[in-house]
Amino acid sequence: MPDDNKTNSSGEDHFPSCDCMAEILDSDVRQEKAAALEQALCEFNIFVKVVEIDAGPVTTMYEIALAPGVKVSAITERSNDIMRALRAESVRIVAPVPGKSTVRIEVPNAEKEKVPLSGGAAARLPHLQRALEQLYKAQEAVRDADAAYQCLRDEAIAATSQAILQIRQALKEP
């Protein structure tokens, strides 16, 4: 008998969407990186606990609480070791977090996500599109004007050269 969580209203089997599965996998990866971060610092006798993970479209922020007696400078001095442990190309350490007794470590995501327009930005999209179209038309007009200028300049140079040749020939004839 099918489980109710996997059955829709018509009685057919229902499976989680790919997006749902991707979120679960991403969450697992973030948890593994949090554990790797804690372990890497533990190797240097810096005891910390990841208290918050905030995943964004471009970076993931790990907020860590320091054990009593651990200095913030001990974390900042280990940025290269943190990069190695997380297999990251760079890390940004915000120490200490204003208003909290924690340190924030921002790590670039392996895959960057596109951020969709929403709210007021989406409402202004038609205006932006019209402005870009006008800019494109203006650039075309400038290119056309530049081409016309080049053509006129070339014709003027050719006409001037022709006139100079005629004057030279006229001066040579006695």
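Inside region 33-65, can you point out the residues that are polar (S, T, N, Q) and within 21 Å of the chain's Cα centre (by Cα)?
Thr59, Thr60
Whether any residue in region 51-71 is surrounded by 12 or more Cβ atoms within 10 Å (Cβ to Cβ), touching a Leu at 6+ places or on another chain (Cβ under 8 Å) and closer than 17 Å to Ser101 by Cα is what I want to check.
yes
Look through Pro126, Pro57, Pro96 and report the one residue that is modelled with pLDDT under 85 and touching a helix residue (DSSP H, G or I) at 6+ places or on another chain (Cβ under 8 Å).
Selected residue: Pro96, the only one of Pro126, Pro57, Pro96 that is modelled with pLDDT under 85 and touching a helix residue (DSSP H, G or I) at 6+ places or on another chain (Cβ under 8 Å).
Kindly evaluate Glu173 against the criterion of being out of contact with any strand residue (DSSP E or B) (no Cβ under 8 Å at 6 or more places or on another chain), under 30 Å from Glu32 (Cα atoms), at pLDDT below 85 and among the acidic types (Asp, Glu). Please lay out each step first, then the result.
Details: out of contact with any strand residue (DSSP E or B) (no Cβ under 8 Å at 6 or more places or on another chain): yes; under 30 Å from Glu32 (Cα atoms): no; at pLDDT below 85: yes; among the acidic types (Asp, Glu): yes.
In short, no.
The values are calculated or read from the model by the stated rules, or taken from the named source; none is laboratory data. Keep in mind it's a predicted model, so treat the numbers as computed, not measured. No Cβ is skipped: glycine too gets one built from the backbone with ideal geometry, and neighbour counts run over all protein chains shown.
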